[in-house]
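A.B. asks: Structure provided below as structure tokens; questions to follow.
Just so it is clear, none of the values below were taken in a lab; they were calculated from the coordinates. Source: prediction; values computed, not measured. Virtual Cβ from ideal backbone geometry, glycine too; neighbours counted across all protein chains shown.
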Amino acid sequence: MKFAKAAAVLLAVSTTAQAQESNWGYFQDETETKGVRLLQAGVVAENGAQLILKCEEPGETKVIGVVVTDVNLTGARPRPPERPVFLRFDNGGPKEVRWFYYPNSVIATNTKRNPLIGPFITQLADAKTLEVRLEPEKGSPVQIQFNVTGAREAIGRVFENCKDKNPLR
């Protein structure tokens, strides 16, 4: 996954975006994938963790949600484990979902087999804050708080660019 390149750009863009109504920054690939310069949207938490909406290629069920952190969450494996992630939007209660764990990230997919991103996107759209608790295989839980104001626009732009069906419509 190409998270490192986007991370630095999203950090720079998000910093300037904070003065505006939306906290989301955008990064567009310089090269085309299947005729599209892919767009990513993301926000950066105070601890440097990132929430990114993106796709690796255009098409239906291709948008994914990614939380990137500098904490080692799991060992590298051919098939990532599906483990608990706890999400709290604004002042609501925490909700347990299951996402795929990679060494330094967790991913919500949008496949027919694992449609994890739809409910997440629906709640994210109008939220102001998102608290995420990750459960590493070893070590203490990781708490991250994101300011996600403006998520609805970011969601729309990414789904449109990726030529994916927006769950908000």
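A.B. asks: Mind putting a number on the dipole of segment 3-161 about its Cα centre? Charges go on the C-beta only, +1 for Lys and Arg and -1 for Asp and Glu, and I need it in Debye to the nearest 20.
C.D. replies: Here segment 3-161 has a charge dipole of around 480 debye.
A.B. asks: In the chain, if every C-alpha pair distance is counted and binned at 10 Å from zero, what percent goes to each bin?
C.D. replies: Pair shares across the bins are 10, 41, 39, 8, 0.
A.B. asks: GNM, the chain, Cα, under 10 Å: largest mean-square fluctuation among GLY75, GLY48, GLY35?
C.D. replies: Comparing GLY75, GLY48, GLY35 in a Gaussian network model of the chain, the most mobile one is GLY35.
A.B. asks: Now, a different point. Of the options ALA45, VAL68, TRP99, report the single residue whose Cα projects farthest towards the positive end of the charge dipole of the chain (beta-carbon charges: Lys, Arg +1; Asp, Glu -1).
C.D. replies: The residue sitting most towards the positive pole is TRP99.
A.B. asks: Between ASN47 and GLU96, what FRET efficiency comes out of the Förster formula 1/(1 + (r/R0)^6) with R0 = 22 Å and r the beta carbon distance, rounded to 0.05?
C.D. replies: For GLU96 and ASN47, the calculated efficiency is 0.50.
A.B. asks: Running a GNM on the chain with Cα contacts under 10 Å, which residue among THR31, THR74, THR122 ends up with the highest mean-square fluctuation?
C.D. replies: Result for the chain, Cα springs under 10 Å: THR31 fluctuates most.
A.B. asks: Taking springs between alpha-carbon atoms closer than 10 angstrom, which of ALA125, ALA151, ALA76 fluctuates most in the Gaussian network model of the chain?
C.D. replies: In the Gaussian network model the winner is ALA76.
A.B. asks: Tell me the relative contact order for the chain as a rounded percent, counting alpha carbon contacts under 8 Å between residues six or more apart.
C.D. replies: 23 percent.
A.B. asks: Starting from a Cα-only point model with no solvent, please compute log10 I(q)/I(0) by Debye for segment 49-117 at q = 0.15, 0.16, 0.23 1/Å.
C.D. replies: -0.52, -0.59, -1.13
A.B. asks: May I pose another question? In what sequence do VAL44, VAL85 fall when counting other Cβ within 10 Å, fewest first?
C.D. replies: VAL85, VAL44
A.B. asks: Total Lys pairs in the chain closer than 19 Å by alpha-carbon, pairs eight or more apart in sequence or interchain only?
C.D. replies: The result is 18.
A.B. asks: If you average the C-alpha positions of segment 137-153 and of segment 41-111 separately, how far apart do those two centres end up, in angstrom?
C.D. replies: When both Cα centres are located, 9 Å separates them.
A.B. asks: Kindly provide the helix-only [θ] at 222 nm of the chain, computed as the sum of -39,500 (n - 2.57) over DSSP H runs of four or more divided by all residues, to the nearest 500 deg cm²/dmol?
C.D. replies: Here the helix-only value at 222 nm equals -6000 deg cm²/dmol.
A.B. asks: Same structure again: Would you tally the net charge around THR61, using a Cβ to Cβ cut-off of less than 10 Å, leaving THR61 out, and scoring K and R as +1, D and E as -1?
C.D. replies: After counting each charged neighbour, the total is +2.
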